[in-house]
Each structure stands twice: as structure tokens, then as C-alpha cells.
Amino acid sequence: MRKNFILALIGIGIGGIGFGLVTPVTIILLEQNHAPSIIIGSSAMVGYISIVIFSRYTGRLIDVFGVKTILATGLFIWMLSAFGHMFWYIYPLLYFIKIVMGVGGTFIFVSTEVMINAYSDETNRGKNIGLYVVILSVGIAVGTLLIWTIKLGNWVPFVIGSAIVLFVFVLQMTLMIDISLNADNKKIEKMPLSKMPILSLFSAFVYGLFESSVMVTLPLYGLRNNFSEIEVSYFLTSFVLGGIILLYFIGHLADKVVKYKLLLIISFLLGLLFILPITAMNFSFLVIIFFFIGGLVPSFYTIGLNYTVEKVERKFMAQANSYFTMMYGAGTIAGPILGTTLMDLNKENGYWIFATGLCFCFFLLFKYYKNKISY
């Protein structure tokens, strides 16, 4: 059991390098070649549509075929899709590749999350989920630092990303032992969406919205405001590093305090942080701000998923993970289009004003549902 747990962490960490490399490089290439903002935003968005469509079925596929099979399928699909990004300049093909990559990513994330949750309990689930996200963030941070490889050739980052995931595929298939969460159930029962806690659904949606919009907005914000490609990569790396350093402690905290109140505090603090880039456009200042934003945004994921697994029956764990990922996908669909549209409206302040208002809206929304949420 411990072997599978460690393999899931190692796999998502190494695979995160590819995740942190492919998407930002694609956005940079499209922006440098003067692609319309609608193409930049929608090409990122279509991959998230796949997450919404396929995530609700992934948990049931895991129940039927096992975690290892679905994880292997996801890694293989993602590897081929990363390689296919070499043809980013053929827009219809890029859309298709993004859709397929979304399917692979859904299989990977739901499978590894199920593996982590299967080996956790109420005393360490927050810590383990936090550790999972931290290690994923480490991989993504390393991936953003490899953006410079674009100077070696437009195709180089995509080959690197594909090769990394191929290594993870071989590692997991060679060493991982499959598990079944429904070994004692002859018939697999379907979990209705109504069984999902409201807090979980909101948390997943908020995280998806901010995670996808920030990852699209930061490269555009940097390039359009005369920062270099290297400085843009530092912005992205700082954002991811915030999740690495701060999120682990927040995961520990989630095991000890009321999760609802913790989300209220995070929503309010994030609103304050999002307004700060308006006050100054100094490189060092922005790197620090993006670090703290990056630390708080993934908290919605860590706390929300922790809460979800606590509240649903164990036999529904895989399907609950799928619904959580589905709501994350719903948030991510709006993110890329939202980010690019706001950048077109005002390249300096548009996104930050909107993000601040949205944080305070979610703060009020969580507050409104106080009496409807079971702690």
C-alpha cells in the first residue's frame, strides 16, 4: 500500500514537469505569432471541456477497470497529445489535441487522487492531499523553468514534455500494484450528484476558475506589459512555488480547523492579494504577490477535496473524486476566455479588478450558505 502511495506522489511530481511546460509554451508561441486572443483563450478552454464531460465517468471506469489501468490510459493519451503540440500552428488540429489531452489529464488526476485518498484517513487526509498538490506543484514549477527551451526550437518543449510522461508511464506500469475500492461489491452503485456536499462543489469550481485563468493571464500580462520571456517564466514559477511552500502548511491546518471557516478566510485574503498588482508594476513586487496568490488559490482544491472524502461513503470515493474534478473542469472552461478577454479590455488592470471582485463574491456566497453546510 505504501509503495502505491509513494508511486502516485512520484508520478504526479515528475508528470507535473510536462504539465507546467506544454500549456505556457503554447500560449507564448500563439501570442508571439499574433494569434487572435479568442484563439489563445479558446484553445486552452477546449481541453477543460473534456474534463467536464469525461470526469463524471472516470470514477465509474476506475470502479470497473481499476486505478492502474485508467492511470496508464491517461498517461499514454497525455504523452501523445504533448507530442502532437508540435503542430500548434494548425489551429483545427490544436483544438483536437487539446480535447484529447483533457481526457488524458482527467484520467491521470482522478486516478492519482483516488490512490492518495484510498491510503488516507481523517487524521492525515489534509496533510496527504496537501503533500500531493505540493509535489505536483514542484513538478509544474520545474516545467515553467524549462520554458527557455523554446529558444532551441518550437518543437523542443513538447518533445521534452512527452518524454517525461513516457518515463512516468513506464515507471507506474512496472512498479504499481492495482487496487479495487469495490472488491466486496458485485454491483457497482451509481452516486448521484446530489450526494456531493455544496462546499465541495463551490471549492472545486473556484479553484478551476482561478487556476486556469491565472495560467493564461500571467504570460499575456507579462508579454503585453513589456516583460521578457524569462521574466514571464519567473512569474509562473513564483505562482507555482507559492503552492509548494504555503499549501503544505494549509493542508496540515485543514486537519485541525473548521474547513468552512478556513475557506472564508482564504477567499477574503485572496481578494486583497489580487488587487495589489494594480498598485505597482515592479518585477520584484509582482513576483512576491504571485507567490502568495499561488499559495492560496490551490487551497480551495486541498480543503474542498479533503472535505469531500470525509463526507461521502468510501464506496463512492472514486465517483466523488470524479464529480469534484467535473466541477473543477466547469470552472476552468470559463477561465481562459475570461483571462484573455479581460487582458484585451485592459492589459494592466482588467484581470486583477475582476479577480478581486470575484473573490469577495465567493466570500459572500460561502457566508450565505453557512447554515446549509454541514461541518
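The values are calculated or read from the model by the stated rules, or taken from the named source; none is laboratory data. Keep in mind that what you see is a predicted model, and the values were worked out from it rather than measured. Positions of Cβ are backbone-derived with ideal geometry, glycine not excepted, and every protein chain shown enters the neighbour counts. With ligands, DNA and RNA removed, areas are computed over all heavy atoms of the protein, side chains included. Shrake-Rupley method; radii C 1.70, N 1.55, O 1.52, S 1.80 Å.
Of MET317, LEU296, ILE353, which is farthest towards the positive pole of the range 276-361's charge dipole, taken about the Cα centre with +1 and -1 on the beta-carbons of Lys, Arg and Asp, Glu respectively?
So the residue furthest toward the plus end is MET317.
Please turn the phi angles of the range 35-46 into ³J(HN,Hα) values with the Karplus equation 6.51 cos²θ - 1.76 cosθ + 1.60 (θ = phi - 60°), one per residue in order, whole Hz, x for glycine and proline.
Whole-Hz 3J(HN,Hα) from phi for the range 35-46: 5, x, 4, 5, 5, 4, x, 6, 5, 6, 5, 4.
Could you go through the range 76-91 in sequence order and give the Karplus-derived ³J(HN,Hα) for each residue, using 6.51 cos²θ - 1.76 cosθ + 1.60 with θ = phi - 60°, rounded to whole Hz, and x for Gly and Pro?
Ordered by residue, 3J(HN,Hα) equals 5, 5, 5, 4, 5, 5, 4, 5, x, 5, 4, 9, 4, 6, 9, 4 Hz.
Using the Cα centre as the reference, give the magnitude of the dipole from point charges on the C-beta atoms of the chain (Lys, Arg: +1; Asp, Glu: -1; all else neutral), rounded to the nearest 20 debye.
880 debye
Is the shape of the range 81-158 best called rounded, prolate or oblate, per the rule: a/c under 1.5 gives rounded, else a/b larger than b/c gives prolate, else oblate, with a ≥ b ≥ c the square roots of the Cα gyration tensor eigenvalues? It would help to have the intermediate numbers written out before the result.
On the way: a/c = 4.86, a/b = 1.86, b/c = 2.61.
Oblate is the answer for the range 81-158, as a/c is 1.5 or above yet b/c matches or exceeds a/b.
Go ahead and estimate [θ] at 222 nm for the chain from helices alone: -39,500 (n - 2.57) per DSSP H run with n ≥ 4, summed, over the residue count, rounded to 500.
So the calculated ellipticity at 222 nm is -27000 deg cm²/dmol.
If a/c stays under 1.5 just call it rounded; otherwise compare a/b with b/c (prolate if a/b is bigger, oblate if not). Do that for the range 135-288, with a ≥ b ≥ c from the square roots of the Cα gyration tensor eigenvalues.
Oblate.
Under 20 Å between alpha carbons, and skipping anything fewer than 8 positions from LYS256 in its own chain: which aspartates and glutamates qualify?
ASP121, GLU122, GLU310
For LYS190, which aspartates and glutamates qualify as cross-link partners when the Cα separation must be under 13 Å and same-chain residues fewer than eight apart are set aside?
Hits, sequence-local ones excluded: ASP63, GLU313.
HIS252: accessible area at probe 1.4 Å, nearest 10 Å²?
About 60 Å², rounded to the nearest 10.
What spacing in nm lies between the two simple spin-label points modelled at ILE288 and TYR57, each 7 Å away from Cα in the Cβ direction?
The two pseudo-label positions are separated by 5.0 nm.
Using +1 on the beta carbon of Lys and Arg, -1 on that of Asp and Glu, and nothing else charged, what's the dipole of the range 1-158 about the Cα centre, debye to 20?
200 debye
If all Cα-Cα distances of the chain are sorted into 10 Å bins from 0 onward, what percent lands in each bin, rounded to whole numbers?
Each 10 Å bin holds this share of Cα pairs: 5, 26, 36, 24, 8, 1, 0.
Which FRET efficiency, nearest 0.05, do LEU365 and ILE90 yield, Cβ-Cβ r, R0 56 Å?
Computed FRET efficiency for LEU365 and ILE90 comes out at 0.85.
Over 31 Å between Cα atoms, which of LYS127/LYS195; LYS68/LYS367; LYS151/LYS347 qualify?
Correct reply: LYS68/LYS367.
Label point 7 Å out from LYS256 along Cα-to-Cβ: which residues of the range 120-151 have amide N under 17 Å?
122-131
Using alpha-carbon positions, what is the distance between the centroids of the range 116-182 and the range 99-114, in Å?
Here the answer is 11 Å between Cα centres.
Report the full-extension gain for the segment ARG2 to ARG224: residue separation times 0.36 nm, less the Cα-Cα distance, to one decimal in nm.
Gain on extension, ARG2 to ARG224, equals 75.2 nm.
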